[in-house]
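In what follows, a structure is listed as structure tokens, so that the remarks can point back to it.
Just so it is clear, none of the values below were taken in a lab; they were calculated from the coordinates. This one's a predicted model, so the numbers in the text were calculated from it and none came from an experiment. Virtual Cβ from ideal backbone geometry, glycine too; neighbours counted across all protein chains shown.
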Amino acid sequence: MTETISVDRLVAAYIKMRDKRAELLREYEAEDAEVKAQMEAVESSLLDLCKQIGADTLGSKHGKVMRTVKTRYWTSDWDSMHKFILENKMPELLERRISQTTMKQLLDENPDLMPPGVNIDSKYAVTIRRA
């Protein structure tokens, strides 16, 4: 005969494990932030050195440094951006990711309107809250 573990014990164990993970994550994030700050200081020094000597690459016995320009784009006006995309027929300006909330709402309201190529993965999950 197998012993059944009570819901109370399972929930207590789950909360204890979740708390431990949160503690480990906080410790990791604190240490990671320190190392990241140190790396950013080294990167800044290397960028300054590249600028001073007018070089885009530096070599050392430990590795190679390559100075590049990284450009980022974003919008603060999504309504205008959507209008621009539609007017210019340029959906490729958007990244390929489906809005989970909007897709769920679409399918809830129109169960027979399934866009081609859309895959669905549903599974049961539990949510555990403290008493």
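Give the lysines whose C-alpha is closer than 17 Å to that of LYS64, dropping any in the same chain fewer than 8 places away, or say none.
LYS51
Going 7 Å from the Cα of CYS50 in the Cα-to-Cβ direction, what parts of the range 56-90 have a backbone nitrogen less than 15 Å from that spot?
Taking a point 7 Å out along Cα→Cβ of CYS50, the residues of the range 56-90 whose backbone N falls under 15 Å are 56-60, 63-72.
If you take the charge dipole of the chain about its Cα centre, with +1 on Lys and Arg Cβ and -1 on Asp and Glu Cβ, which of LEU58, GLN100, TRP74 is farthest toward its positive end?
About the Cα centre, the residue reaching furthest to the positive side is LEU58.
Excluding the sites themselves, what is the longest stretch of the chain that contains no chymotrypsin sites (Phe, Trp or Tyr not before Pro) in a DSSP loop with at most 14 other C-beta atoms within 10 Å?
Result, exposed sites excluded: 1-72.
Under the 0.36 nm per residue contour assumption, what length would be gained going from the current alpha-carbon distance of THR71 and GLU31 to full extension?
Extending this stretch completely gives an extra 11.5 nm.
For LYS104, list the lysines whose Cα falls under 23 Å from its own Cα; do not include residues on the same chain fewer than 8 positions away.
Excluding near neighbours in sequence, the set is LYS123.
Tell me the GluC sites (Glu not before Pro) within the range 29-131 that lie in a loop according to DSSP and have at most 12 other beta-carbon atoms within 10 Å. Each step should come with its number before you reach the end.
Values: sites: GLU29, GLU31, GLU34, GLU40, GLU43, GLU87, GLU92, GLU95, GLU109; in loops: GLU95.
Hits after loop and neighbour filter: GLU95.
Which distance in nm do the two modelled labels at ALA12 and GLU92 give, with both placed 7 Å along the Cα-to-Cβ direction?
Result: 6.1 nm between the two label points.
Express the relative contact order of the chain as a whole percentage, based on alpha carbon pairs under 8 Å and six or more residues apart in sequence.
On the way: 28 pairs, mean separation 20.6, N = 131.
Computed value for the chain: 16 percent relative contact order.
So if we plug the beta-carbon distance of ILE5 and ALA131 into 1/(1 + (r/R0)^6) with R0 = 25 Å, what FRET efficiency do we get, rounded to 0.05?
According to the calculation, E is roughly 0.90.
Under 1.5 on a/c is rounded, so check that first for the chain, then, if it is not, pick prolate when a/b is larger than b/c and oblate when it is not; a ≥ b ≥ c are the square roots of the alpha carbon gyration tensor eigenvalues.
Because a/c hits 1.5 or more and a/b fails to exceed b/c, the chain counts as oblate.
Quick one: dipole size for the range 7-88, taken about the Cα centre, charges +1 on Lys/Arg Cβ and -1 on Asp/Glu Cβ, in debye to the nearest 20.
320
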